[in-house]
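Remarks on the structure that follows.
The values are calculated or read from the model by the stated rules, or taken from the named source; none is laboratory data. No experiment lies behind these values; they were computed from the predicted model shown. We place every Cβ from the backbone using ideal geometry, glycine too, and count neighbours over all the protein chains shown.
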Amino acid sequence: MSVIRSMHAPPGRADRHRIARPNGWWGVVVFIATEATLFGTIFGSYFYLRFRTAAWPPKGIPDPAVTVPAILTAVLVATSLVVQLAFWAGRAGRVRAAQWLLVLALIVQGAYFGIQMHLFLDDLDKFSPSGSAYASIYFTMLGAHHAHVVFGMFLELFLVLRLVAGLTNYRLIGLQATTFYWHFVNVLALCVLATQIYAAL
Amino acid sequence: MAVDVRAPEHPRVQRLEQVWEERPGILGWLTTVDHKRIGLLYFFTTLAFFGAGGIEALLIRTQLAQPESKVLAPDTFNELFTTHGVTMIFLFVIPMTTGAFGNYLVPLMIGSRDMAFPRMNALSYWLFLGSGIFIYIGLFMGFGPNAGWFDYVPLALRHFNPGPNVDFYALGLILNGVSSTLAAINFIVTIFKLRAPGMSLNRMPLFCFAMLAVSLALIFALPALTIDLVFLELSRKVGFQFFIPGNGGDPLLWQHLFWLFAHPEVYIIVLPAFGIATSIIPTFAKRRMIAFPLVALAELLVAFIGFGVWAHHMFATGLPTITLVFFAAATLMVVIPSTIQVYAWTMTVSAGRPEFRAPLLFIGGFIVFFVMGGLSGIMFAAIPFDQATTDTYFVVAHFHFIIFGAAVFPILGGMYYWFPKVTGRLYHEGLAQLSFWLAFVGTALTFFPMHIVGLIGMPRRVYTYPHGLGWDSYNLIETIGSYILAAGLLLVAFNLIYSRFSGAPAGPDPFHGGTLEWTIPSPPPHYNFAVIPTVSSAYPNWDEPDRAVDAGKLERGELTYEAGHETPTSTVRDGVFDEVVDMPSESPWPVTLAFFAALALVMVLISHYAIAGIFLLLVLFSLAGWHWKEPQEA
Amino acid sequence: MSVARQSKGVEFLQWFGLLGAAIVWTAQLIVGFGVTVADCSVAGAGWNIDVDTWQIVLMAIGVPLAVVSEVAALLIFSETRGLHHNDPPPWGRRHFFAAAAVWGNLLFIAIILLSGIGAIYNTPCQGS
């Protein structure tokens, strides 16, 4: 028999005894580091292009809306708490609670995405991305952010389905990873909102 | 010494063999998750691309051997030098050092049974293969990338480049970038978590420090390239205005983002080579590396400072001096960690009892060429000098001394050095030494005259040049040199192929190296280590007491983990044993996912965006299928 | 102080000694470079950015912080004086990092100074 493995769960917890963070945690953290850098270069390009133009937005393009996006962003950021609660529930062994919390997050995020898509298409009607560098970076930045929201929803959907068969260490790490991912996406949402507010000033 | 050499019939060893072996045949290779097999897949694929890039180089040199030559048409020449650059950097050097050497050796050197994410490792390979095939389909269809390996706008935009050439470049490199990003994540987590108990960070081999530095650099550099390529494709396909000055855009945005990636990229090219050199030198000098902590940090410092020098590629663009000084300052200073390494290497050799076998000869050649390439490089830190020599052959000389001399020579030395471990046979020493001298003379002859011809005015990327400028004899010598170099490389290949079948048996440790790969049989068993080794220094194979302790553990079943498909993990800083993790077995998902991803990009290439979306959905389904079963069930 | 808290303090010193100067230089590069790009651009020209003051402030904050990082590394190095870089963790590992960091930080201090002085010496927006 091999050396005793530290696999047993602490009392009241469904995860294993560990000293270090699990491999999956590190994997997601490094992945988020690279995605954060990706958005860093998008924001860097945004400000680089801003300094190339006297008027921002250029003449003829309306200032970006601030109120509705701000409300939407606040709602999205609130789902970070929901997903975090889902992880804590899972870690305490309460699988059904975790699933229902994920479903709640999905519904809210789905609504967020739907309304954002409507606003996005509305903007496309008003000004074209091929009309100016401002429009190009505006739509690219928003599009990149929304794509990350969709992927986050896909992660949650996968987990809801997988948790039907119960909780395992692997799925718990997946839940933790998804939580992390959503916190990251929500920080991005705040940064995107900040650029929209900046342009509207 | 290796426990399992003496005990292949031991029931624990047999159980390990049973648990870890993979399917035979082509299905086994398509579904493999074994880091050693994936390393070999990378090795042979990158060698094929090296051959392709080499042929491109020989064609270029043949065209340039004489003035006003008509061997190649100008457009073909543009495709050849662009594809040569793209191939050598993205399809040869980086996948060879990270995918082949890194994948094969890192788990062995840290005492682990595989990488942290074996299936993602396979995915990295299949995505890489897809990216290479994608770009070469473009070349063979007559639409090879043609705007230089750094693909400046506006030349790369639709207006000047209406064909799909640049689309093959951009989409191929996006796929390649995803492959490298995933590989980098894998290396970082593996190096952090899968080290054998006792291998705290200060006891990790220098090769692993180099791979850690490379992986961190890839994580933070690739996004800039990815976003640049996305901007480019959006501009070309849908008319976005990132790079058009009239509409608020800026062609320099392409350059800033590109070099923000590409300067760290050149350190990514060279750092694993440093890692190979720091593995070979102690073995053949028969002593530990002098100033080990400084060398380890220098690897990380070069990678880090390399992020702050990018605009030295833009000194001739008219940017204000006040902006450029930041980069001149960092460029001047970035040479210092490399210099520290050069001193450490040479002092280790001279303080040891060196045995100049082929691997060490190649490292000697590496040091000579690296110093020369570094000297020409530091000259570029001076803005006025750079402005006089940018886009001349002086630059071509500099980077070939670095890439060929400082990256390829260690690769060749490393091929000889680890050949006995991978194949179980010894290479032919005499042929190997001859191959070194041919390669060394060939490299010097090909690239040294480029300094001179560049200083007397020959620009880079020209497909021909007129008589009477004094460039003729230099170009002819360079071409002759390239053929000698090719002969040397062919001799390396011949030696390795011949020795693979007829070489003398090597045993586990022919060179008495210091790191853990030399404690196991050659070739390594599927499970790598029957007993996870105890480690108390950075040169564990030279710690006799530890190796003796391991010998008793097989019998007692300590650190053997043969119950399932398992490997232990340890804490990040101090290598304290933590938990045992289950590892996945062969899986069809990596190759499937890569296939759909490649097809999605093909659809983007031909502007069928809806179908591209469908393939992207299939990628997501593959991701779901992949994670549906857990590693111990998979 | 309890052993655990003491060890946390030592760990922080080790990491600050290793990474502090590097982070300071990164900040100086991003802000210092960014300020020159802004000042020399179409939109930023009208803002009358005093580039020299920015560079002086960056150096005035950056150099002392980088020096503090070096001091932290030196502290850990002297605390682990007798050890070898192969010695058992955590002290062997701390010695290893400190031994490297004491030299690395000097490099960053040099780059911060060179960049700042070079930026101040040059007239804003004059072409190269």
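Tally time: how many residues in the stretch A:37-47 are in contact with a Ser or Thr (Cβ under 9 Å, 6 or more places away or on another chain) and facing another protein chain (nearest Cβ under 7 Å)? Number satisfying all stated conditions: 4.
Would you check if B:Leu438 is in contact (Cβ under 8 Å) with a residue 12 or more places away in the chain, surrounded by fewer than 21 Cβ atoms within 10 Å (Cβ to Cβ) and of a type in the set (A, V, I, L, M)? Spelling it out, B:Leu438 is indeed in contact (Cβ under 8 Å) with a residue 12 or more places away in the chain, surrounded by fewer than 21 Cβ atoms within 10 Å (Cβ to Cβ) and of a type in the set (A, V, I, L, M). Beta carbons closer than 6 Å, at least 6 apart along the sequence or on distinct chains, pair a first residue in the stretch B:192-212 that is over 18 Å from B:Asn528 (Cα atoms) with a second that is basic (Lys, Arg) and not in a helix (DSSP H, G or I) for B:Leu201/B:Arg573.
In the set (1) under 26 Å from the mean Cα position of the chain (by Cα); (2) within 14 Å of chain C (Cβ to nearest Cβ); (3) not charged (D, E, K, R), B:Pro524 fails one condition alone, (2).
Please determine whether any residue of the stretch A:48-63 is away from every other protein chain (no Cβ under 14 Å) and in a loop (DSSP other than H, G, I, E, B). Checked the stretch A:48-63: at least one residue is away from every other protein chain (no Cβ under 14 Å) and in a loop (DSSP other than H, G, I, E, B).
Considering only the stretch B:28-44, state which residues are assigned to a helix (DSSP H, G or I) and in contact (Cβ under 8 Å) with a residue 24 or more places away in the chain. If the condition is that a residue be assigned to a helix (DSSP H, G or I) and in contact (Cβ under 8 Å) with a residue 24 or more places away in the chain, then B:Gly28, B:Leu30, B:Thr31, B:His35, B:Lys36, B:Ile38, B:Gly39, B:Leu40, B:Leu41, B:Tyr42, B:Phe43 are the ones that fit. Residues that are surrounded by fewer than 22 Cβ atoms within 10 Å (Cβ to Cβ) and β-branched (Val, Ile, Thr) were ranked within the stretch B:331-347; the one that is farthest from C:Ile111 (Cα to Cα) is B:Thr346. Taken together, the residues in the stretch A:154-171 that are part of a helix (DSSP H, G or I) and away from chain B (no Cβ under 11 Å) amount to 3. Among the residues of the stretch A:10-36, those that are over 13 Å from B:Glu579 (Cβ atoms) and at the interface with another protein chain (Cβ under 8 Å from one of its Cβ atoms) comprise A:Trp26, A:Gly27, A:Val30, A:Phe31, A:Ala33, A:Thr34, A:Glu35. Of the residues making up the stretch C:78-128, those that are more than 9 Å from chain B (Cβ to nearest Cβ), surrounded by 20 or more Cβ atoms within 10 Å (Cβ to Cβ) and over 27 Å from C:Val57 (Cα atoms) number 1.
Yes/no per residue for (1) closer than 30 Å to A:Pro62 by Cβ; (2) surrounded by fewer than 18 Cβ atoms within 10 Å (Cβ to Cβ); (3) within 11 Å of another protein chain (Cβ to nearest Cβ):
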{"residue": "A:Ser130", "(1), (2), (3)": "yes, yes, yes"}
{"residue": "A:Phe151", "(1), (2), (3)": "yes, yes, yes"}
{"residue": "A:Ile173", "(1), (2), (3)": "no, no, yes"}
{"residue": "A:Ala200", "(1), (2), (3)": "yes, yes, no"}
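Criterion first (at pLDDT 95 or above, under 16 Å from A:Leu172 (Cα atoms), surrounded by 15 or more Cβ atoms within 10 Å (Cβ to Cβ) and of a type in the set (A, V, I, L, M)) does A:Ala89 satisfy it?
Values: at pLDDT 95 or above: yes; under 16 Å from A:Leu172 (Cα atoms): yes; surrounded by 15 or more Cβ atoms within 10 Å (Cβ to Cβ): yes; of a type in the set (A, V, I, L, M): yes.
Taking the combined requirement at face value, the residue satisfies it.
Regarding B:Val572, is this residue β-branched (Val, Ile, Thr), under 26 Å from B:Lys237 (Cβ atoms) and touching a residue at least 40 places away in the same chain (Cβ under 8 Å)? No: the conditions fail for B:Val572.
Given the residues A:Arg13, A:Arg21, which is the only one that is part of a loop (DSSP other than H, G, I, E, B), out of contact with any Cys (no Cβ under 6 Å at 6 or more places or on another chain) and closer than 30 Å to B:Val531 by Cβ? Give the steps one after another, and end with the answer.
Numbers: A:Arg13 fails: closer than 30 Å to B:Val531 by Cβ.
Of A:Arg13, A:Arg21, the one residue that is part of a loop (DSSP other than H, G, I, E, B), out of contact with any Cys (no Cβ under 6 Å at 6 or more places or on another chain) and closer than 30 Å to B:Val531 by Cβ is A:Arg21.
So, of the residues in the stretch B:17-38 that are crowded, with 17+ Cβ neighbours inside 10 Å and closer than 13 Å to B:Pro524 by Cα, which turns out to be modelled with the lowest pLDDT? For the stretch B:17-38, the residue satisfying everything is B:Trp20.
Among the conditions (1) in contact (Cβ under 8 Å) with a residue 60 or more places away in the chain; (2) closer than 30 Å to B:Pro251 by Cα; (3) assigned to a helix (DSSP H, G or I), B:Leu222 misses just one, which is (1). In a residue-by-residue description of the stretch A:158-170, the property of being within 30 Å of B:Arg236 (Cβ to Cβ) and surrounded by fewer than 19 Cβ atoms within 10 Å (Cβ to Cβ) applies to no position. The sole residue among B:Pro545, B:Pro523 that is surrounded by fewer than 22 Cβ atoms within 10 Å (Cβ to Cβ) and free of Cβ contacts under 8 Å to residues at least 40 places away in the same chain is B:Pro545.
Does the stretch B:329-339 contain at least one residue that is part of a loop (DSSP other than H, G, I, E, B) and farther than 13 Å from B:Pro282 by Cα? Checked the stretch B:329-339: no residue is part of a loop (DSSP other than H, G, I, E, B) and farther than 13 Å from B:Pro282 by Cα. In the stretch A:73-88 there is no residue matching the filter, namely being assigned to a loop (DSSP other than H, G, I, E, B), over 18 Å from the mean Cα position of the chain (by Cα), away from chain C (no Cβ under 14 Å) and more than 30 Å from B:His256 (Cα to Cα). Taking each residue of the stretch C:38-53 that is in contact (Cβ under 8 Å) with a residue 12 or more places away in the chain and within 7 Å of another protein chain (Cβ to nearest Cβ) and looking for partners that are among the β-branched types (Val, Ile, Thr) and crowded, with 16+ Cβ neighbours inside 10 Å with beta-carbon atoms closer than 7 Å, six or more apart or interchain, yields C:Cys40/B:Thr323; C:Val51/B:Ile322; C:Val51/C:Val35; C:Val51/C:Thr36.
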